[in-house]
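Down below is the structure, laid out as structure tokens.
The values are calculated or read from the model by the stated rules, or taken from the named source; none is laboratory data. Small disclaimer: the values here were computed from a predicted structure and weren't measured. Every residue, glycine among them, receives a Cβ derived from its backbone with ideal geometry; neighbour counts consider all protein chains shown.
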Amino acid sequence: MLEIHVCIGSSCHLKGAYQVINALKEKIEKGNYEDKIVVKGAFCLGQCTKAVSVKMEDELFSLTEDKVEDFFNNEVLRRL
């Protein structure tokens, strides 16, 4: 199962962590990937000055809600 960790620490929370989580969950549900992808909350991933920090397979990304679709299509789906 592919795990996507989204930082929910103070800085990322203020930058829209929950909007990113909800957008990811929506993409997962829409594509019926619930048995292949899980989204988990995480605390500080060390990228506080950037957008919401997301970790997947030891790789860090900085996302905003409007970048979730590209991230999902280009990074997540190719790892399934």
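Across segment 49-72, the qualifying residues are those that are modelled with pLDDT under 95 and surrounded by 14 or more Cβ atoms within 10 Å (Cβ to Cβ), and the one among them that is nearest to residue 5 (Cα to Cα) is 51.
Against the criterion of being buried (at least 19 other Cβ atoms within 10 Å of the Cβ), touching a Ser or Thr at 6+ places or on another chain (Cβ under 9 Å) and free of Cβ contacts under 8 Å to residues at least 40 places away in the same chain, residue 42 does not qualify. For segment 45-60, a residue qualifies if it is touching a strand residue (DSSP E or B) at 6+ places or on another chain (Cβ under 8 Å) and either in contact (Cβ under 8 Å) with a residue 24 or more places away in the chain or among the aromatic types (Phe, Trp, Tyr) (or both), and the qualifying residues are 45, 47, 51, 52, 53, 54, 55, 56, 57. Of all residues in segment 28-49, those that are charged (D, E, K, R) and either in contact with a helix residue (DSSP H, G or I) (Cβ under 9 Å, 6 or more places away or on another chain) or assigned to a strand (DSSP E or B) (or both) total 3. Checked against the criterion of being surrounded by 12 or more Cβ atoms within 10 Å (Cβ to Cβ), among the aromatic types (Phe, Trp, Tyr) and under 11 Å from the mean Cα position of the chain (by Cα), the candidates 18, 33 yield just one match: 18. Pairing each residue of segment 1-20 that is at negative phi and among the polar types (S, T, N, Q) with any residue that is assigned to a helix (DSSP H, G or I) and surrounded by 15 or more Cβ atoms within 10 Å (Cβ to Cβ), provided the two are 6+ apart or on different chains, yields C-beta distances under 7 Å for 19/65.
In segment 53-77, of all residues being closer than 15 Å to residue 19 by Cα, assigned to a strand (DSSP E or B) and not hydroxyl-bearing (Ser, Thr, Tyr), the one that is nearest to the chain's Cα centre (by Cα) corresponds to 54.
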